[in-house]
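Student: Got a structure for you, questions after.
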Amino acid sequence: MSTPVALAMPSVPRLRRTPEEVAAAAPVDGPKKVLLASPRGYCAGVDRAVIAVEKALEHYGAPVYVRKQIVHNKHVVETLEAQGAVFVEEVDEVPEGSLLVFSAHGVSPAVVQSAAEKNLETIDATCPLVTKVHREAVRFAKRGQQILLIGHVGHEEVEGTYGEAPDQTIIVNSPEDADTIEVDDPDNLVWLSQTTLSVDEALETVTRLRKRFPNLQDPPSDDICYATSNRQGAIKEIAPRADLVIVVGSSNSSNSVRLKEVAAEYGADRAERVDNANQVDEAWFEGVATVGVTSGASVPEVLVRDVLALLADYGYGEIEEVVTAAEDILFSLPKELRARLTADGDADRNLGGRGARPNR
């Protein structure tokens, strides 16, 4: 008897009201336009991680196993699955001797050890900015300092960083947690943070921690990554001018969820997050003259273009790009993969970053 195979349900287009019906429900006062955030979408760390899986499939062949989602975006994961990537939750799901890619969010030393015990060949696609935080945690722990890790409990990045020094790390899940946590020595503390937090939330948490622990030390450089800061900065400029802000990004993407929160906090009349254009509700357009559009750091540009095409169908064809920062950062591909590419004579793609690959 054959084993039943579960097939994903196809994406069914929404049955939408016409632009005329939407306009009749609530006329728009003034011309319609889109404020398009720049920068938006893929950051260098995400681009690097996605290319790493693509290149691994090309040079090693399928299947290539990936622990957790390589980046937090449903479209990206499904696209890579179609090419032969197999996403697993934990190392014990991977057959012994196979190839395993660690996701962009990073892993703890315990995960690395588990992979070694199963004789897995590994490619570490951890974002270099997350790796920086890991190294800081190791360094501070060796100094005997207690680490206050600002981040969301359960997020893969936080779990990985925490795993570097679990006996010396306390996770501060929210600004409110800062008022209640207990520490061993208030004069020997340092804080680190998840790279994809809201800049404002992290600042508030640190401020509240410092009120209780005046000698709290800062990390040598800001842990919140440039892409998170830049995307939040762009939406802060757009939100006060927008009747509606649409953030393209998956629900498990911390930086995408934060973008929606920032838009609402900074003055957008309404803010919504969608995985793709199919999730946009045309009822949101009723009475709306200006729509802001942005996307999280793990979102390919094709998903934004689909949303813009839908908006154009409803009369939002004028696009003003709101540029608040320029990004030209590139990261080298993981060293394990570069060695294989060199051996195979492939010099085509050894970098990942904004502007380094076609939008798709």
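The values are calculated or read from the model by the stated rules, or taken from the named source; none is laboratory data. Just so we're clear, the structure is a prediction, and the values are computed from it rather than from any experiment. Don't worry about glycine lacking a Cβ; one is built from the backbone with ideal geometry, like all the others, and counts go over all protein chains shown. Each accessible area value is taken on the protein alone, full model and side chains, heavy atoms only, with ligands, DNA and RNA left out. Shrake-Rupley method; radii C 1.70, N 1.55, O 1.52, S 1.80 Å.
Student: Which ones in the stretch 300-323 are among the hydroxyl-bearing types (Ser, Thr, Tyr) and touching a strand residue (DSSP E or B) at 6+ places or on another chain (Cβ under 7 Å)? Working first, answer last.
Tutor: We begin by selecting, within the stretch 300-323, every residue among the hydroxyl-bearing types (Ser, Thr, Tyr); these are 314, 316.
Result: TYR316, single match.
Student: Residues of the stretch 67-100 being under 26 Å from VAL304 (Cβ atoms) and touching a residue at least 40 places away in the same chain (Cβ under 8 Å), which ones? Write out each step before concluding.
Tutor: Of the stretch 67-100, the ones under 26 Å from VAL304 (Cβ atoms) are 68-83, 85, 87.
Residues satisfying the conditions are LYS68, GLN69, ILE70, VAL71, HIS72, ASN73, LYS74, HIS75, VAL76, GLU78.
Student: Scan the stretch 201-224 residue by residue and report those that are open to solvent by 20 Å² or more (accessible area, probe 1.4 Å) and at pLDDT below 90. Spell out how you get there, then give the answer.
Tutor: Just the residues of the stretch 201-224 that are open to solvent by 20 Å² or more (accessible area, probe 1.4 Å), to begin with: 201, 203-204, 207-208, 210-212, 214-215, 217-218, 220-222.
The answer is GLU201, PRO220, SER221, ASP222.
Student: When both residues are 6+ apart or on different chains and their Cβ atoms are under 7 Å apart, which pairs have a first residue that lies in the stretch 287-303 and is among the charged types (D, E, K, R), and a second that is open to solvent by less than 10 Å² (accessible area, probe 1.4 Å)?
Tutor: Once the first residue is among the charged types (D, E, K, R) and sits in the stretch 287-303, its partners that are open to solvent by less than 10 Å² (accessible area, probe 1.4 Å) give GLU301/GLY41.
Student: Would you check if VAL190 is among the β-branched types (Val, Ile, Thr), part of a loop (DSSP other than H, G, I, E, B) and more than 30 Å from PRO19 (Cα to Cα)? Show your work before the answer.
Tutor: Details: among the β-branched types (Val, Ile, Thr): yes; part of a loop (DSSP other than H, G, I, E, B): no; more than 30 Å from PRO19 (Cα to Cα): yes.
Here the answer is no, as VAL190 does not meet what is asked.
Student: So which residues in the stretch 193-205 are outside any loop (DSSP other than H, G, I, E, B) and closer than 18 Å to LYS132 by Cβ, if there are any at all? Explain how you work it out, then say what you get.
Tutor: Of the residues in the stretch 193-205, the ones outside any loop (DSSP other than H, G, I, E, B) are 193, 199-205.
Correct list: SER193, VAL199, ALA202.
Student: Give the residues of the stretch 124-140 that are outside any strand (DSSP E or B) and either open to solvent by 20 Å² or more (accessible area, probe 1.4 Å) or touching a Lys or Arg at 6+ places or on another chain (Cβ under 9 Å) (or both), sorted by residue number. Give the steps one after another, and end with the answer.
Tutor: Keep residues of the stretch 124-140 that are outside any strand (DSSP E or B), which gives 125-140.
Hits for the stretch 124-140 are ALA125, CYS127, PRO128, LEU129, THR131, LYS132, ARG135, VAL138, ARG139.
Student: Would you mind telling me which numbered condition in (1) in a helix (DSSP H, G or I); (2) free of Cβ contacts under 8 Å to residues at least 12 places away in the same chain ALA110 fails?
Tutor: (2)
Student: Could you grab me the full set of residues in the stretch 257-274 that are touching a strand residue (DSSP E or B) at 6+ places or on another chain (Cβ under 8 Å), part of a loop (DSSP other than H, G, I, E, B) and surrounded by fewer than 19 Cβ atoms within 10 Å (Cβ to Cβ)?
Tutor: Those that are touching a strand residue (DSSP E or B) at 6+ places or on another chain (Cβ under 8 Å), part of a loop (DSSP other than H, G, I, E, B) and surrounded by fewer than 19 Cβ atoms within 10 Å (Cβ to Cβ): ASP269, ARG270.
Student: What is the one condition in (1) at pLDDT below 95; (2) out of contact with any Asp or Glu (no Cβ under 6 Å at 6 or more places or on another chain); (3) of a type outside the set (Ser, Thr, Tyr); (4) surrounded by 19 or more Cβ atoms within 10 Å (Cβ to Cβ) that VAL291 does not satisfy?
Tutor: (1) is the only condition that VAL291 fails.
Student: Hey, could you check the stretch 68-123 for residues that are more than 17 Å from ASP47 (Cα to Cα) and within 19 Å of the chain's Cα centre (by Cα) and say which is surrounded by the most Cβ atoms within 10 Å (Cβ to Cβ)?
Tutor: Checking each candidate, the answer is VAL107.
Student: With the requirement that a residue be open to solvent by 30 Å² or more (accessible area, probe 1.4 Å), more than 21 Å from PRO27 (Cα to Cα) and either assigned to a helix (DSSP H, G or I) or not acidic (Asp, Glu) (or both), what does the stretch 310-324 give you? Outline the logic, then answer.
Tutor: First, the residues of the stretch 310-324 that are open to solvent by 30 Å² or more (accessible area, probe 1.4 Å): 312-313, 315, 317-321, 323-324.
This time we only want the ones that are more than 21 Å from PRO27 (Cα to Cα), so: 320-321, 323-324.
VAL323, THR324 - these are the residues of the stretch 310-324 that are open to solvent by 30 Å² or more (accessible area, probe 1.4 Å), more than 21 Å from PRO27 (Cα to Cα) and either assigned to a helix (DSSP H, G or I) or not acidic (Asp, Glu) (or both).
Student: Next up: Go through (1) in contact with a strand residue (DSSP E or B) (Cβ under 6 Å, 6 or more places away or on another chain); (2) over 18 Å from VAL307 (Cα atoms); (3) buried (at least 22 other Cβ atoms within 10 Å of the Cβ) for ALA242 and report which single condition fails.
Tutor: Status for ALA242: all satisfied but (2).
Student: Okay, moving on. For GLU318, only one of the following conditions fails: (1) in contact with a Lys or Arg (Cβ under 6 Å, 6 or more places away or on another chain); (2) closer than 24 Å to HIS72 by Cα. What is its number?
Tutor: With (1) in contact with a Lys or Arg (Cβ under 6 Å, 6 or more places away or on another chain); (2) closer than 24 Å to HIS72 by Cα applied to GLU318, the lone miss is (2).
Student: So the check is Cβ under 7 Å with 6+ separation or different chains; which pairs have a first residue in the stretch 328-343 that's over 19 Å from CYS43 (Cα atoms) and a second one that's part of a helix (DSSP H, G or I) and not polar (S, T, N, Q)?
Tutor: Filtered contacts from the stretch 328-343: LEU337/ALA52; LEU337/LYS55; LEU337/ALA56; ARG340/HIS59; LEU341/LYS55; LEU341/HIS59.
Student: Mind checking whether some residue in the stretch 211-224 is more than 20 Å from the chain's Cα centre (by Cα), farther than 25 Å from GLY45 by Cα and either basic (Lys, Arg) or assigned to a helix (DSSP H, G or I) (or both)?
Tutor: Yes: one or more hits.
Student: Next question, about the same structure. Tell me which residues, restricted to the stretch 143-186, are without any contact (Cβ under 8 Å) to a residue 60 or more places away in the chain, assigned to a loop (DSSP other than H, G, I, E, B), within 18 Å of GLU204 (Cβ to Cβ) and not hydrophobic (A, V, I, L, M, F, W, C).
Tutor: Once the filter is applied, which keeps residues that are without any contact (Cβ under 8 Å) to a residue 60 or more places away in the chain, assigned to a loop (DSSP other than H, G, I, E, B), within 18 Å of GLU204 (Cβ to Cβ) and not hydrophobic (A, V, I, L, M, F, W, C), the stretch 143-186 yields GLY151, ASN173, SER174, PRO175, THR180.
Student: Can we say ARG305 is open to solvent by 60 Å² or more (accessible area, probe 1.4 Å), farther than 21 Å from ASP243 by Cβ, at pLDDT 95 or above and not β-branched (Val, Ile, Thr)? Walk me through how you get there before you give the answer.
Tutor: On the way: open to solvent by 60 Å² or more (accessible area, probe 1.4 Å): yes; farther than 21 Å from ASP243 by Cβ: yes; at pLDDT 95 or above: yes; not β-branched (Val, Ile, Thr): yes.
For ARG305, the condition - open to solvent by 60 Å² or more (accessible area, probe 1.4 Å), farther than 21 Å from ASP243 by Cβ, at pLDDT 95 or above and not β-branched (Val, Ile, Thr) - is met.
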